[in-house]
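So the structure is just underneath, and the comments pick up after that.
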Number of protein chains: 2
Amino acid sequence: MFLVSLIPIRSGTPGSGPERSDAARNRELLLCAARQLIEECGADALTMDKLAERAGVGKGTVFRRFGSRAGLMMTLLSDSEAEFQGRFMFGPPPLGPGAPPLERLIAFGAGRIGYVLEYGDLARAAEHSVYNRFEVPAAVLWHRHIEHLLREAGLDADPWLMAMSLSATLDPERLLHAVRVQGVSPERLVESWRQLVTRVVRPAE
Amino acid sequence: MFLVSLIPIRSGTPGSGPERSDAARNRELLLCAARQLIEECGADALTMDKLAERAGVGKGTVFRRFGSRAGLMMTLLSDSEAEFQGRFMFGPPPLGPGAPPLERLIAFGAGRIGYVLEYGDLARAAEHSVYNRFEVPAAVLWHRHIEHLLREAGLDADPWLMAMSLSATLDPERLLHAVRVQGVSPERLVESWRQLVTRVVRPAE
DNA sequence: ATACTAAACGGACTACGGTCCGGATAATAT
DNA sequence: ATATTATCCGGACCGTAGTCCGTTTAGTAT
């Protein structure tokens, strides 16, 4: 039912045809330089100018390749993102199919919390697109997954909006703020998520 | 217990002493010009340069007065914000004290949704501070209010984190996106909020 | 009135994301 | 090898938020 491409992340294809050799070389140079810079100073300190300079290419090339800073971050995340998507869509239970929907919901939140805490700044930067951070393909997929599980669990309320509320809880910016500024432990986040979805799924009366 | 100042919004006081007459005059000029520009082109199109030019002051003056673009937006919102705060803290039930906590929670969400839909772009821009959008005084106050009501309702789970999840649901950016891009009706939002808090408050077993 | 000072002023300056377009170049056809 | 062309490249350029600092001015003391 939900056969979305496993790799909906932009892989840096400005045109539709095959990639020219210099373009491919520059893409590798850029990704490599980006990872270096992030290693050295953190994702937040990565600027497109510095990236272009480090990679030894012009600034225009950076933007042609990745469209925007958020696009670059998404590309950097695409591997781990695809891996996570594979796990919750096709992997073993309780995250993957096979377990009861509530179990899967709980596991999804826990997985997502772990993911966000691991790739925090990157995930945050990837959503920092000026327009439509809710229509990033990955975000849409999570939303649909949650909605699907809510329906399977027999939710007797608006599943689309309820999935929106639950997605909001898993928003990287909020999670990172809770952990890094407020000092909330990841375990506490996971437990609260469990409490939340358990209550949401239970019938109203 | 929660006696927070009713006006925690920054009112544009760079120093701590009284305001010099030229400073007061310029603040009025700026607020007036800002409202004009927003009326004409919308809040999103308001730039600090245009504002300075329209008000006939230097750009530095704008930033000394309001600190940042977000600070300006907060100042513009402060009246309606204070009014809303007054309603849910001291006003008549079900929003104000007197009604059962669940009723108050439902009313709070409904009120907040209405508020966001009315002052949408402004509220969004006010939270667009680069750092710490969760520590804006008004946001902290809402969070504490929700947490307080959850405790009063006898929630047997982590009230602080649960309040965070519920706050996330009421995030202006998300609400506006749902209404303006996805075409969700305000009534549907309110109903979903009611379903959500009703389930959250109910005991686990 | 004059001198003094703390505060406010203004606009040049920086940093950054993003755009544009004339020139270079890789792939392909001949 | 040469010509052709679609693609890519580079970096000058733009708009915007925010900073800095030399200059001006409002309030006050004398």
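Here are some notes:
- Portion, in percent, of the accessible area of the protein assembly as shown that falls on carbon or sulfur, probe 1.4 Å: 55 percent
- Sequence-distant aspartates and glutamates (8 or more away, or on other chains) whose Cα lies within less than 16 Å of B:Lys59: B:Asp22, B:Glu28, B:Asp49
- Area buried, chain B against chain A - accessible surface, total, 1.4 angstrom probe, square angstrom: 3400 Å²
- Annotation: for a label point projected 7 angstrom from Cα along Cα→Cβ of B:Cys32, residues of the range B:42-63 with backbone N closer than 17 Å are B:51-58, B:62.
- Residue by residue along A:197-204, Cβ atoms of other protein chains within 10 Å of the local Cβ number 4 on average.
- Projecting label points 7 angstrom from Cα along Cα→Cβ for A:Asp44 and B:Gln182 puts them 2.9 nm apart.
- Across the identical copies, the label point of B:Gly154 (7 Å from Cα in the Cβ direction) is separated from its matches by 2.6 nm, in order from shortest.
- Taking every C-alpha pair closer than 8 Å and separated by at least 6 residues, the mean separation divided by the residue count of chain B gives a relative contact order of 20 percent.
- Only Lys, Arg (+1) and Asp, Glu (-1) charged, at Cβ; chain B dipole about Cα centre in debye: 340 debye
- For the rotation carrying A onto B, the chain A residue whose Cβ lies nearest the axis, with the distance in whole Å, reads A:Ala168, 2.
- With label points set 7 Å from Cα along Cα→Cβ, the inter-copy distances at B:Arg35 are 5.6 nm, sorted shortest first.
- Accessible area per residue for the protein assembly as shown is 46 Å², calculated with a 1.4 Å probe on protein heavy atoms, without ligands, DNA or RNA.
- Helices in chain B that qualify as membrane-span-like (whole DSSP H runs, Cα extent of at least 18 Å along the helix axis, mean Kyte-Doolittle hydropathy of 0.5 or higher) are B:101-118.
- Compactness relative to 2.2 N^0.38 Å, alpha carbon Rg of the protein assembly as shown: 1.07
- Calculated [222 nm] ellipticity per residue, helices only, for the protein assembly as shown: -20500 deg cm²/dmol; basis is -39500 (n - 2.57) per DSSP H run with n ≥ 4, divided by all residues, nearest 500.
- Derived from the Cα gyration tensor, the three semi-axes of the equivalent ellipsoid of the range A:165-205 are 23, 11, 6 Å, largest first.
- For the range B:19-67: relative contact order, % (alpha-carbon pairs under 8 angstrom, 6 or more apart): 34 percent
- For residues of A:149-158, the mean tally of beta carbons on other chains within 10 Å: 2
- Shielding of B:134-143 by partner chains, average beta-carbon count, 10 Å: 1
- Student exercise, the protein assembly as shown dipole from Lys, Arg, Asp, Glu Cβ charges, in Debye to nearest 20: 640 debye
- Unit charges at the beta carbon, dipole of the protein assembly as shown: most positive-side option, B:Ala126, B:Val197, B:Gly56: B:Gly56
- Dipole in debye (nearest 20) - the range A:19-67, about Cα centre, beta carbon charges: Lys, Arg +1; Asp, Glu -1: 240 debye
- Label point 7 Å beyond Cα along the C-beta direction, distances from A:Met89 to other copies (nm, shortest first): 4.8
- In chain A, Rg over Rh equals 1.02, where Rg is the alpha-carbon radius of gyration and Rh the Kirkwood radius from pairwise Cα distances.
- Furthest towards positive pole of dipole, B:Met162, B:Ile146, B:Ser78, structure part chain B, Cβ charges: B:Ser78
- Protection proxy ranking of B:47-59, A:144-156, A:163-175 - average other beta-carbon atoms within 10 Å, highest first: A:163-175, A:144-156, B:47-59
The values are calculated or read from the model by the stated rules, or taken from the named source; none is laboratory data. Nothing here was measured: the structure is a model prediction, and the numbers come from that model. As a convention, Cβ positions derive from the backbone with ideal geometry for all residues, glycine included, and neighbour counts pool all protein chains shown. Heavy atoms of the whole protein, side chains included, go into the accessibility calculation; ligands, DNA and RNA do not. Shrake-Rupley method; radii C 1.70, N 1.55, O 1.52, S 1.80 Å.
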